[in-house]
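The values are calculated or read from the model by the stated rules, or taken from the named source; none is laboratory data. These numbers were taken from a predicted model, which means no experiment stands behind them. A quick note on method: Cβ atoms are made from the backbone with ideal geometry, for glycine too, and the neighbour counts reach across all protein chains shown. All accessible areas refer to the heavy atoms of the entire protein, side chains included, with ligands and DNA or RNA removed. Shrake-Rupley method; radii C 1.70, N 1.55, O 1.52, S 1.80 Å.
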Amino acid sequence: MVLETKVSSAVPAVKTKTATRVRWTVVIWLLVGGIINFLDRTNLSIAAPDMMKDLNLSNTDIGLMGSVFAWSYAFMQLPAGWLLDRLGAKKVYAWAVALWSGATAFTGVCTGLTSLLFGRALLGVTESPCWPGGAKITASWFPKQERALATGFWDAASKWGPTIAPPILVALIVPFGWRALFFITGAIGLIFVVIFALFYRQPEKHPRISQEELDYIKAGGGGTAQEIGASKVSWGALFKHKSVWGMILGFFCYIWIFNIFVTFLPLYLMKTQNVSLKSLGIYASIPWFGGVIGAILGGYVSKLLVDKRGAKPLVAKRAVISVCAVLAGITVIIIPYAGSLPATLAFMTVALVLLSALSSSAWALPGDVAPASMVASVGSIQNFGGYFGGALSPVVVGMIADKTGSYTMAFTSGGIIAACAALCYWLLVRKPIAE
């Protein structure tokens, strides 16, 4: 009788624990939105060979377009984070998707470098709320111990975009031309934003979430989104904290090399490995599959260190970032010395696994470092630092390639810069911002 009583009383507890897992469906929204975001910024790398022929553009011109996007994206991070914290993630995120989809379609009608530069600048401005918005939504929907893993899934969008773009967009560019790429991806974004605006909800307003799941999220530091005015720390005072500067400088190092892959990977394969345009769709996708795996793996390892080793969430993320930064830097330096196509693809894949693991943990950091009402602001400040550096790397690589006819110097310097991210995150990002 005693055994029966224990068993029967345990049944409701099991049901309660697994009542709902609505929070994991939110990852799908962020993943799809992020994939569209990166499709719209990586079209350029796929369309670049035909655009160079059609509009008489040089490597430096392509690099300049990448830099203009990155500069506008970087400087808009600061107001984007503030707007997300002030007006709410759903409203700002939805408007951003609609506007950047329009900017993407506009690129398809450009006729020269001037209009292309304007289109890429407009794309950078309107895409800026996407990743800080994802960080804020994740901080609302997930407890701290799960944020790295959840972030890993949606941050993989930055790798899914380049992964699925080459085969799909190359299949379109051959019969329809490069302009069709921008029209189609712009239309996809407009369809997504309508669905997102109709169905996305905050945790406390979601019709399918159970009270047990909501309590679990709140116990881990998530739950109801807070406005920026709820914090005792002012927005400007964020820059007084060493942890924030560590995130700025560390992400600078990461985005420097990541933007080289985003802008030049297809051109690198065509010019150094003699990959044809028809084969480019397959070969250019392979390294980005590694990026998808790395983003999820980085979040999983962070969660494992917390669950199995008892590490604090902030320490676990810093450890993953630091180790991956050093190993990624070494791997990137080796790439120009890989003689064959299989070896080049192998080293590129390993590098993107490590860089993506770094990225997913870095995007989970704002939820651990920032006050609850300023997660998007801290995330956007970190991203500002990243794209401040990322704005320089494409044009620097383009100039090096035009002057020397080689990418060796660009990858060697990029690898050293990537490894420096370990110093920034491990030595400077040591504690959360105290209110």
Notebook entry, point to check: Which ³J(HN,Hα) values in Hz, rounded to whole numbers, follow from the phi angles of region 242-254 under the Karplus curve 6.51 cos²θ - 1.76 cosθ + 1.60, where θ = phi - 60° and Gly and Pro get x?
Noted result: 4, 4, 5, 5, x, 5, 4, 5, x, 6, 3, 5, 5
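Rounded to two decimals, what is the ratio between the C-alpha radius of gyration of region 108-185 and 2.2 N^0.38 Å?
Details: Rg = 16.8 Å, N = 78, 2.2 N^0.38 = 11.5 Å.
Region 108-185 yields a ratio of 1.45.
Carbon-plus-sulfur fraction of the accessible area of the chain, 1.4 Å probe, in percent? Please report the intermediate quantities before stating the final value.
Numbers: 11860 of 16980 Å².
Result for the chain: 70 percent of the exposed heavy-atom area is carbon or sulfur.
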Notebook entry, point to check: What figure in square angstrom, to the nearest 10, would you give for the accessible area of residue 28 with a 1.4 Å probe?
Noted result: 100 Å²
Check: How would 409, 51, 76 rank on accessible area, largest to smallest, probe 1.4 Å?
Finding: 409, 76, 51
Next item on the list: For residue 106, tell me the accessible area in Å² from a 1.4 Å probe, rounded to the nearest 10.
Entry: 70 Å²
Item checked: 3J(HN,Hα) from dihedral phi, region 367-373, Karplus parametrisation 6.51/-1.76/1.60, rounded to Hz, x for glycine, proline -> x, 8, 8, 8, x, 4, 7
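Let me spell out the model: positive unit charges on the Cβ of Lys and Arg, negative unit charges on the Cβ of Asp and Glu, origin at the Cα centre of region 218-328. What dipole size does that give, in debye rounded to 20? Could you put the intermediate results ahead of the total?
On the way: 12 positive and 2 negative charges, 68 e Å.
The dipole of region 218-328 has a size of about 320 debye.
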Notebook entry, point to check: Long-range amide H contacts for residue 142: which residues qualify at under 5 Å (H placed 1.01 Å from N, peptide plane, sequence gap of 5 or more or a different chain)?
Noted result: 223
Notebook entry, point to check: Which of the lysines could be linked to residue 271 by a straight reach, that is with a Cα gap under 17 Å, when you skip same-chain ones fewer than 8 residues away?
Noted result: 53, 403
Item checked: Cα-only radius of gyration and Dmax that characterise the chain, units Å -> 21.7, 86
Notebook entry, point to check: Roughly how many nanometres apart are two label points built 7 Å out from the Cα toward the Cβ at residue 431 and residue 28?
Noted result: 4.3 nm
Next item on the list: Average the reciprocal distances over every distinct pair of alpha-carbons in region 98-140, invert the result, and give the Kirkwood radius in Å.
Entry: 11.3 Å
Note to self: Pick from 91, 218, 53 the residue whose mean-square fluctuation is largest in a GNM of the chain, springs joining Cα atoms under 10 Å.
What the structure shows: 53
Check: Which whole-Hz couplings ³J(HN,Hα) result when phi for each residue of region 42-54 is put into the Karplus expression 6.51 cos²θ - 1.76 cosθ + 1.60, θ = phi - 60°, listed in order with x for Gly and Pro?
Finding: 9, 3, 4, 5, 7, 7, 3, x, 6, 5, 4, 6, 5
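Please list 289, 182 in order of solvent-accessible area, largest first, computed with a 1.4 Å probe with all protein chains present.
Numbers: 289 100, 182 0 Å².
Correct descending sequence by accessible area is 289, 182.
Report relative contact order for region 185-332 in percent, whole number only (criteria: Cα-Cα under 8 Å, sequence separation at least 6). Show your work: numbers first, answer last.
On the way: 37 pairs, mean separation 14.2, N = 148.
Relative contact order comes out at 10 percent.
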Next item on the list: Using the Cα centre as the reference, give the magnitude of the dipole from point charges on the C-beta atoms of region 150-245 (Lys, Arg: +1; Asp, Glu: -1; all else neutral), rounded to the nearest 20 debye.
Entry: 320 debye
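Per DSSP H run of n ≥ 4, the term is -39500 (n - 2.57); total these for the chain, divide by its residue number, and report the mean residue ellipticity at 222 nm rounded to 500 deg cm²/dmol.
Numbers: 19 runs with 349 residues, N = 435.
So the helix-based figure for the chain works out to -27500 deg cm²/dmol.
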Next item on the list: Please name which of 247, 223, 269 has its Cα lying farthest along the dipole of region 150-282 towards the positive end, using unit charges on Cβ (Lys, Arg +1; Asp, Glu -1) and the Cα centre as origin.
Entry: 269
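If you place +1 on the Cβ of every Lys and Arg and -1 on the Cβ of every Asp and Glu, how big does the dipole about the Cα centre of the chain come out, in debye to the nearest 20?
860 debye
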Check: Tell me, what is the per residue accessible area of region 313-380 in Å², probe radius 1.4 Å?
Finding: 24 Å²
Notebook entry, point to check: Given 37 °C and 0.692 mPa s, how large is the Stokes-Einstein diffusion coefficient of region 34-183 in µm²/s, with Rh as the Kirkwood radius over Cα pairs?
Noted result: 204 µm²/s
Item checked: Helix 392-404 vs. the chain, principal-axis angle (Cα, 0 to 90°, nearest 10) -> 30 degrees
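Express the accessible area of region 118-222 per residue in Å², computed with a 1.4 Å probe while the remaining protein chains stay in the model.
On the way: 3790 Å² over 105 residues.
Here the residues of region 118-222 average 36 Å² of exposed surface.
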Note to self: With angles folded into 0 to 90 degrees, how steeply does helix 113-127 sit against the dominant principal axis of the chain? Use alpha carbons for both and round to 10.
What the structure shows: 10 degrees
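May I ask for the net charge around residue 129, where only other residues with Cβ less than 15 Å from the Cβ of residue 129 are counted and Lys, Arg are +1 while Asp, Glu are -1?
On the way: positive: 41, 86, 90, 91, 136; negative: 40, 85, 127.
For residues surrounding residue 129, the net value is +2.
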Next item on the list: Can you spot the lysines whose alpha carbon is less than 29 Å from residue 317's alpha carbon? Ignore those fewer than 8 places along the same chain.
Entry: 17, 90, 136, 144, 159, 218, 232, 240, 242, 303, 308, 431
